[in-house]
C-alpha cells in the first residue's frame, strides 16, 4: 500500500496537500476501496520520511472531506463510495450514519449536532457561490489572454490559470474541486489522460484576434519584423502566422523578453508583441517599445476563444450554475 503515496518534494506544493491529492485520486479510482484500513499516522510518516504532523494534517483534511473515517480503537478507514455502487440515497444515508457515529463518540447532544450541521451547510453554500474554473494552456501569453476573456464573459467565477507543463508534472493542480477545465482542442486529449473526471473538460478553439490579424496583413514586402515574447512557443505561433499571411516580409526569430537588450529593436521596421506584454517588461524595455511605436507599427497579438466555442462554453457554465442552485 505504501507505494501508492509517491510525493514530489520538488513541487511548490505543501507535502500534506500532495498526500491528500494522491489519496483522493487512489480512493476514487478504486486503488483504495471503501473500508480499506490506512496506515497509522506514525507508520505512514516513517514510510514517507515526513513529520507526523504533516500526515495528521492530511488525514484531518481527508476526514473533513468525507474520504476517510477514524474509528476509535480500530484505526482509519476509507469511507468513500463510488457513484456506481448503490443508489444516491443509500450512499447518502450510509455517509450520514458514519458521520453521526463519529459525532456521538464526541459526546455531542442531538441539538449540538444539529447546530454544527447547520453551520457547515451555510459555510459550504457560501463557498460554492461561484464556479471554480481551471484554464490550461501551453504558453503564458495565451493562458493570460484566455483567462482575461473568460473573466469578462462568464461573470462571477473563480478562475485558475495553469500552464500545461505544470499540470503534466502535477495533475492534481486541476483537482477534484474544479467545476470545469477549459483548454484548447490541441491539448484536450493530453489532459484527458491525466485526470479521472474527464467530463469536466471543455474543449475550445482558439484563434488570433481579428485586430491582430489585421496588423499582420498590413505588413508590406521588404519590412523587417521582430517578435518579442514571454515564451518561444507563443513567438513561434506568431511567426508561423506571419509566414502564412505575408509575402516578402523578413520575420526575425522570436526573442524572449529577458534576452532583449538595448539593440533589440535596431534595424526593425515593425514589431510584434503579445497583448499586455509591456505590463511585464522592465521600465527600460517599456520605454524602448514606446519610442519605437512612435514611428513604426507595433502589432499586439492576442489569442481568443472563437465565437462558437464561447457560445458552447457560456451555455455549459450556465447549466452548471443552475445545477448548483438546485
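The values are calculated or read from the model by the stated rules, or taken from the named source; none is laboratory data. Given the structure is predicted, the values throughout are model-derived calculations rather than measurements. Note that we place each Cβ from the backbone using ideal geometry, even for glycine, and neighbour counts take in every protein chain shown.
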Restricting attention to segment 201-218, report how many residues are touching a residue at least 12 places away in the same chain (Cβ under 8 Å) and over 24 Å from the mean Cα position of the chain (by Cα). 7
Applying the selection to segment 28-52, what residues are assigned to a helix (DSSP H, G or I) and farther than 23 Å from residue 94 by Cα? 41, 42, 43, 44, 45, 46, 47, 48, 52
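The rows are residues; the columns are (1) modelled with pLDDT of 90 or more; (2) in contact with a strand residue (DSSP E or B) (Cβ under 6 Å, 6 or more places away or on another chain).
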residue	(1), (2)
4	no, no
7	no, no
11	no, no
31	no, no
34	no, yes
41	yes, no
45	yes, no
54	yes, no
58	yes, no
Would you mind stating whether residue 23 is under 22 Å from the mean Cα position of the chain (by Cα), at pLDDT 80 or above, in the same structural domain as residue 116 (by TED's automatic domain parsing) and farther than 30 Å from residue 121 by Cβ? no
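Quick grid of which residues meet (1) assigned by TED's automatic domain parsing to the domain that holds residue 171; (2) modelled with pLDDT of 95 or more; (3) under 33 Å from the mean Cα position of the chain (by Cα):
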position	(1), (2), (3)
199	yes, no, yes
241	no, yes, yes
262	no, no, no
272	no, yes, yes
287	no, no, no
291	no, no, no
What number of residues in segment 291-307 are assigned to a helix (DSSP H, G or I) and touching a strand residue (DSSP E or B) at 6+ places or on another chain (Cβ under 9 Å)? 2
Residues satisfying the stated conditions in segment 138-166, i.e. touching a strand residue (DSSP E or B) at 6+ places or on another chain (Cβ under 7 Å) and over 23 Å from residue 256 (Cα atoms): 149, 150, 151, 157, 158, 159, 160
